[in-house]
Structure formats: structure tokens, C-alpha cells
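First up is the structure itself, then whatever we jot down about it.
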Amino acid sequence: MMIRNLDGIARRTGFAILVLLLGRSDLHGQVPFERIVEADRDPTTWLTYSGNYASHRFSSLDQIDRSNIDRIEPSWVYQIRRSGLIETTPLVVDGVMYLTEPASNVTALDARTGRVLWHYVRPLPEDLVIIGFPQVNRGVAILDDRVFVGTVDGYLVALDAASGAVRWEVEVAPNRLGHSLTLAPLAIDGKVIVGTSGGEAGIRGFVDAYDAENGERLWRFWTIPGPGEFGNDTWGGDSWKHGAGATWLTGSYDPDLDLLYWATGNPGPDWNGDVRPGDNLYTCSVVALNPHTGELEWYFQFTPHDTHDWDANQIPVLVDAEWEGRDRKLLVMANRNAFYYVLDRETGEFLQGTPYAKQTWAYGLDERGRPQVVPGTEPSEEGTLVWPSLQGTTNWFSPSYSPQTGALYVAVREMGSYYFKGEAEYEEGRPYLGGGERRLDGDDAQGWIYALDALTGERRWEFRLHSPPWSGVMATAGGLVFGGSNEGNIFALDAESGEPLWSFHAGGAVRTNPMSYEIDGKQYVAMAAGYGLFVFGLPD
Amino acid sequence: MKRFTLLVVSFSILASTTPLRAQTEILERGRRLFDMQCVRCHGVGATGGEGPTLLGRQFRTATDAAGIIPIITGGIPGTGMPGSWLSDTEAEALAAYVWSVARVEAEDVPGDAVRGRELFGGKGACATCHIVRGEGVGLGPDLTSVGARRGASYLRESILAPGAKLPAGLRGPHSSFLIVSVTTGDGEQVEGMRVNEDAFALNLRDASGRYHSLRKRDLQSMERRFGTSLMPDYSELLTGEELTDLVAYLVSLRGA
């Protein structure tokens, strides 16, 4: 398999030949940092959660295109070993697919046939604390000969990519306080970057870097500043101690600027802001960090003093484009709060922001990007009706940026909620919520795939789904956008027009992101639904 | 499980040692929470609505107030009863209130259930669309335990204006009983209950019980007819007294 796969890759790029020749004496899974940096030049692989460090989730494979999409068929299906929700994005390198299964298990498969190569089971403690989310995992990171997985009991584990054996494991943060790792780690030069879940448990969030070699913690950036640090005064009293700011989704990285971009979660308690007066930095923000030291370079807060659980744990997408006459390095984000943001990623300067779906909480954004909040939209005892719902206009599932069309494709949940304010008293390892919501569900709620102009946020087209989705999208050079639905459809739309070109009923809700790879000259598209990972390709 | 045991213990302690005034305050707090969170389905004063009355309620899984807490926090899977985000103390207060309400003797629903049963099978022809204890036709919802799931007022309104009271869908986020009318590519008109819908396909079940498998791209038109139902409006078919008897019969249906 290895030799055939080498041939397939070698046909693609000279760079890949070089890398693979260098790594030829080793077995599969040799992924030096430089190879991930150059991921765009070898689309046969999928080396990091969002496809590349810029988090485009774009495949430049074009074998499957608008003319032949209606002929693709399942090549194989993999059924997970234990029931649960699949939110993983598989990685594929040198003919091997690495995916995670609930709760924190890892499987390596032959990416051509779906046959299992090895399976790692993470034993979990009986007194596992999980607050505010299902037991899920969104994928692994790979670097050199290791695969890295975060676990719901708060550990980071390094596995041997060839055998699945544990190289090392380290406790990232104590699970008894509500810490869990559900995100796919981000592997950069010699380091593995992770964040934590637990935003509904009153944790204090952070971004961590670990030495990929031995698991030693290299630095920690607290998303909530401690006493004496800048921003601590944006928290009344001691509220910063349990202010959440979880970091539960994979960030992005710019190797040229050598900056790491990580999004942060809601403040705690979620719906009762009375106990935490102030802007609550750096919650609901994106932070730019020095990857060597963890020092903060800049931050931008999308939703100051959030009381609707509109965390910013969405994917920061890095785009290089001409902006008002000059080339700029941008960071764009379709945020959970219904606004689309364009920032300068060198400085954090706010360039533009505009609503991209129905929202009733802000008149707009001021010149610095701060929302002009509509009075009376805070949660209340009797319930306050606000759009979007607490799951937001979008959520963790990935958007996709196509350099071909210049569009950012995003799965949108257009739904309102009654927000309730309740009591909030912190207790270790217990929910710290201060309220809740009642959704306007059913036919009042809408689901969409939107194509937004990546520079303006203007909508180019929309495709209506039956209900607000929980799955992301991937654009390809074949002019397609792949996505999924709660009703079990895996589908492809025309990237230019949004016209539906293909759909497959997979028989179970889709709750993950699509990805694509190539083996032996054949392009595959993978997406999970129900308890299975479905892998499609053109007939042989 | 461990947490649940602890709650039970702490609640029992509360119930046995808390001074009367504090207990009154807890009940009052529970009532306020009920008014904010539960009234929409269980009705003002827990007299029932889309959800059942809780007056005189016998709980299958609870033998005291603490036993209601898991129902409040976890909901009842497969029914319209959702879980909640309440804090432990809030859930305890709400459970205390619900338990106090469940100790109140429910007033008899007016009407003659025996006559209602005759109407159900006879003049009302309800059994031509509904199954009760295995008998009838399965076009509309099975009513075998409808009295345990719905309040009398809701049942009455459902009979008078069926389209306004479609049961919220248990399959997915949408009602399975919504009426959808389509015109197919070759001009055929199909109207039926929406059994299943996604972005690409639609399954309807027409009044004869026949299923239709439709692809949206093949349809000329599609209309979701909110507020309508295949069930006839009974306001002119039954007298006021007959309606009261029929409701009494439905309320008496509490399972096989």
C-alpha cells in the first residue's frame, strides 16, 4: 500500500516526492512540521483538523466535480465500536486514516478500504465529570511519527502513529473541575496546542502548549487574566476565578507571522451576568498568541459581557487578500453571535463586521467592532425572546473558504430562543449556568448553507436545509461544497450557485465536517453520519 | 447515580428538619419556577394542557418529592417533556411544589366516559383513524394513553380545532402530522400528513393511509398547510354534551 500510495502522491507535486523520499525508510505517519505548513501543495493528504493551518477546509482535489458528482458512490463505510456521536474530522496521510470515536478513542484505518489497522481505547474513570456537552471528540493531530488525542477526562495522549501504542500522556487539567478535551489538538513545530472544554462548569480557561516529544508543558495562556494583569478589572470581585472562557475548538496558525489564533468561549455563569459585571476579558474573543511563549500579541472581543452563551468557539479562517488597495493578512470569522467579522491578523484591527443572519440583540457594530446592544435583550426570569438561539447562528462545525470563489461557506442555524435568568452559585464540578433557554423549534427554526463573500460577509446564495444543522462544510476545487444535515443527508452543492447536485441518505444525523483525500489517483470524500463514517468516490 | 442518591438524602433531611416557614418559602419558590417553566404545557395551577394535569398525579418512577427531581432535570425521553438547566436548589424547590400539587385530589372531569366511549366508536367515528388498546385504524395518533399525556382542556380544543393542535413531532424537530400539499412533475396532486422530510425528499401519508415517496426536485409545487389537519372539525358534528362525554372518555385512557 505504501509504495502505491507514494506513486499517487509523487504524481502530484515535487515537494511531496522530496518529503516522502526523505521519510521513505520509515513507516506511514511521517509528518514533519514543514509538511503541514505546505499542506496546500499536497491535497492527497489531510494533515490537520481544518485541512491547513489557515483553516480553509478546502480541498484542491478536482476529480469529483460538477459534471460527475451524480455518479459518486460509497467506497466503504466504517462503523464505530461504541454508540455515541461522531464529530471527528479524520486525518489521512500516506494511505492511513486516523479518526477518533466517542468518547476519546482513536482508530487507524486503511484509507483505501476502511479496514482497521489499530484501535486505541482510552479507559475513562467511573466518576467522569461531563458538564454541558456530549462525550465527543473532534479528531487527532499528527506530527512526525505521533498522533495526539485529547480525552474527555482532561488528558492529552501521544500515540505511536504506526501501532497506536501510548508514547506519553499528560493531565492537562483536572476533570473533577469540569475540564475535558474534546477538540482536535493543533500540532505545530515541535509543539501540541490544546484548549479545554468546561465553560458550563465555571472553569478558568486556557490555551496550553506541550512538547511533542515528551509531553512537558511549555506554556499556558489563561483566557481570564489574574489579579494585577491587564483585563482582570473587567471582572467584578472574584468572578474571574470561575469565569469560564473555555477554548474547546482547534485554532489556526500563520507560519509566516508565527502567530497562533485561538477562539475563546462564553463567560460563566452563562446566562446570569449580574455576578460578573464588566466586559469579561478575554471571553468570546479571538486571541493571537506567540507560539513559543504563549504571550498575548493582541485580542479582539466579539461579544463583551455575553449573557447568551454566544461563545466564539468557531474556526478563525486566515485569508490573504487585497483590502482597500493593499495586500493584507486577514482573519475572518462567522461568529455565533450572528455577525461576520474581518480583522487584520497582524494587529487585530477591526476592519468590518456585519450581520449574516437574523439577529435581534444588536443595532450593529461601532467603528471598533463593539456591538451596540439593544436594551432589554438580556435573559430574564420570565424569558426574553432573542435571535439567535443559544446554539448561535453557527457553532463549532466548520466553515470552508474557497480561494477559487473567494467565498466563505457556512452552515447557519436561524432560530430564536427565550432566555431565562436563574440562580448562579459556583460549586466545584457542578453546572454553573445561571439560567437556560427555550428554543423556538419546529418549522419556526431554519437551517441554511450560506455562501458569504469572504471580504464583505455579503450573501451570494443560500441553500435551505430542513432544520438548523450541526455539521460543517468543505469546498473543493471541483466546484463543489459538501455538507450534511440532521435528517441524515450527505450532499453536494454547486459552489457558484448553491444548486443541489447530489445527495445521499446516510440514515443517521450528520454531526461532523467533511474532508477529502486521494489514494492511487482516486479522490475520496469522507463524512460521518449516525454511527458510520461514509467514504465516497467515483466508481472504479 | 451517586449524585442522585446524595440528592435524595439531602432532600429527605430538608423535608424532615426544615422549619415550616422555610418549607413554605421553598414551595413558593417552586411555584414561581413552575409558572415560568412548566405552565406552557402543564397549565396554570398544573391543571393540564398539552401536557397532563399534575393534580393527583401518580408518578411511575417517583414515590416522593426527591423522586421527581430526575424527571425535572432529565426529562422523559420519547415524550414532549424536556430536561432542564435548573440548579440543584431550584430543582428541589420545583420538585417540592410538584409533589405538593400531586397530593391534591384532582377534580373529576365532567362528562360520562361510558357514553364518550360509545361516541368514539359510533357517531364520532374516531376509531376509523385512531387506535385505542390495539383496536381501530392507525392513521392518527394512538390514543391508548392519551389521558396520561394530555390535559382535558387540550383534548377538548384538539377535537374542536384539530389543525391548531398538531402534536409536536416526536420524530425530529417537526410535526409528523403537518399537512403538506404537492403537485408532482406530471401534475398529480398529493395531499397528506408529513411523515418525513429533509432538504431533498418528502414522505406523505394520505387520508387512505397510503405512503408517497417524493423527491423535491421532481415537484412543481409544495405547500405546508399550517393550521390544518386531516381530522374533521367536530364542533358541528357533536353536541356540547357529547363533546364533554368524549373528553371524559379520552381522559380515562391511561394506558393498556
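Can you give the Rg to Rh ratio of segment A:405-538, both from alpha-carbon atoms, with Rh computed by the Kirkwood formula?
On the way: Rg = 18.0 Å, Rh = 16.6 Å.
Ratio of gyration radius to Kirkwood radius: 1.08.
Strictly over 31 Å apart at the Cα level, which of A:Lys191/A:Lys329; A:Lys241/A:Lys421; B:Lys123/B:Lys165 would you flag in this model?
On the way: A:Lys191/A:Lys329 24 Å; A:Lys241/A:Lys421 21 Å; B:Lys123/B:Lys165 22 Å.
With Cα atoms farther than 31 Å apart: none of A:Lys191/A:Lys329; A:Lys241/A:Lys421; B:Lys123/B:Lys165.
Provide the convex hull volume over Cα atoms per residue for segment A:90-220, in Å³.
90
I'd like the distance between the alpha-carbon centres of segment A:146-198 and segment A:364-414, rounded to an integer number of Å.
Here the answer is 30 Å between Cα centres.
Could you calculate, for chain B, the ratio of the Cα radius of gyration to the Kirkwood radius, expressed as Rg to Rh?
Values: Rg = 21.7 Å, Rh = 20.5 Å.
Ratio of gyration radius to Kirkwood radius: 1.06.
Per residue and in Å³, how big is the convex hull formed by the alpha-carbon atoms of the protein assembly as shown? Before the final figure, lay out the partial values.
Values: hull volume 136.2 nm³, N = 796.
Once divided by residue count, the hull of the protein assembly as shown is 171 Å³.
Using the Kirkwood radius over Cα pairs, work out the Stokes-Einstein diffusion coefficient for segment A:117-166 at 37 °C and 0.692 mPa s, in µm²/s as a whole number. Each step should come with its number before you reach the end.
Numbers: Rh = 12.1 Å.
Result for D is 272 µm²/s.
Largest first and in whole Å, what are the equivalent-ellipsoid semi-axes of segment B:81-218 based on the Cα gyration tensor, each being the root of 5 times an eigenvalue?
Numbers: eigenvalues 249, 121, 23 Å².
Equivalent ellipsoid of segment B:81-218: 35, 25, 11 Å, largest first.
Which semi-axes, in whole Å and largest first, does the equivalent ellipsoid of segment A:212-276 have when worked out from the alpha carbon gyration tensor as the square roots of 5 times its eigenvalues?
Numbers: eigenvalues 146, 39, 31 Å².
Gyration-tensor ellipsoid for segment A:212-276: 27, 14, 12 Å.
Quote the FRET efficiency, to the nearest 0.05, computed for B:Thr239 versus A:Asp62 with a Förster distance R0 of 56 Å and r equal to the Cβ-Cβ distance. Before the final figure, lay out each step's value.
On the way: r = 71 Å, r/R0 = 1.27.
With R0 = 56 Å, the Cβ-Cβ based efficiency is 0.20.
With a Cα-only, solvent-free Debye model of segment A:319-477, what are the log10 I(q)/I(0) values at q = 0.09, 0.14, 0.16, 0.18 Å⁻¹?
-0.35, -0.78, -0.96, -1.13
Please report, in whole Å³, the volume per residue of the convex hull around the C-alpha atoms of segment A:267-319.
On the way: hull volume 4.9 nm³, N = 53.
Cα-based convex hull of segment A:267-319, divided per residue, equals 92 Å³.
Please return the longest range in chain B lying between exposed loop sites, taking trypsin sites (Lys or Arg not before Pro), DSSP loop only, at most 11 other beta-carbon atoms within 10 Å, and leaving the sites out.
Values: sites that count: B:Arg60, B:Arg103, B:Arg171, B:Arg210.
Longest site-free region, per DSSP loop and neighbour criteria: B:104-170.
When the Cα centres of segment B:109-154 and segment B:186-209 are compared, how far apart do they sit, in Å?
26
Can you tell me, using C-alpha contacts under 8 Å and at least 6 residues apart, the relative contact order of segment A:257-306 as a whole percent?
Values: 85 pairs, mean separation 20.8, N = 50.
Across segment A:257-306, relative contact order equals 42 percent.
So how long is each side of segment B:49-147 along the principal axes, counting just the alpha-carbon atoms, biggest first, in Å?
So the extents along the principal axes, rounded to whole Å, are 51, 28, 20.
Would you mind calculating the relative contact order of chain B from Cα pairs under 8 angstrom and at least 6 residues apart, reporting the percent as a whole number?
Values: 424 pairs, mean separation 50.8, N = 256.
So the answer I get is 20 percent.
At a probe radius of 1.4 Å, what is the per-residue accessible area of A:Val116, in Å² to the nearest 10?
Accessible area of A:Val116: about 60 Å².
For a distance above 19 Å, tell me the whole-number percent of Cα pairs in segment A:446-508 that qualify. Don't jump to the answer; show the numbers that get you there.
On the way: 505 of 1953 pairs.
For segment A:446-508, the fraction of Cα-Cα distances above 19 Å is 26 percent.
What are the radius of gyration and Dmax of segment A:258-376, computed over its Cα atoms and given in Å?
When restricted to Cα atoms, segment A:258-376 yields Rg and Dmax of 14.4, 46 Å.
Rounded to the nearest 20 debye, what is the charge dipole size of chain B about its Cα centre when +1 sits on each Lys and Arg Cβ and -1 on each Asp and Glu Cβ? Let's see the in-between values first.
Values: 28 positive and 29 negative charges, 150 e Å.
Result for chain B is approximately 720 debye, rounded to the nearest 20.
The values are calculated or read from the model by the stated rules, or taken from the named source; none is laboratory data. Everything numeric in this text was worked out from a predicted model, so none of it was measured. FYI the Cβ positions are ideal-geometry reconstructions off the backbone, even for glycines, and counts take in every protein chain you see. Heads up: the accessible areas ignore ligands, DNA and RNA and are worked out on the full protein's heavy atoms, side chains in. Shrake-Rupley method; radii C 1.70, N 1.55, O 1.52, S 1.80 Å.
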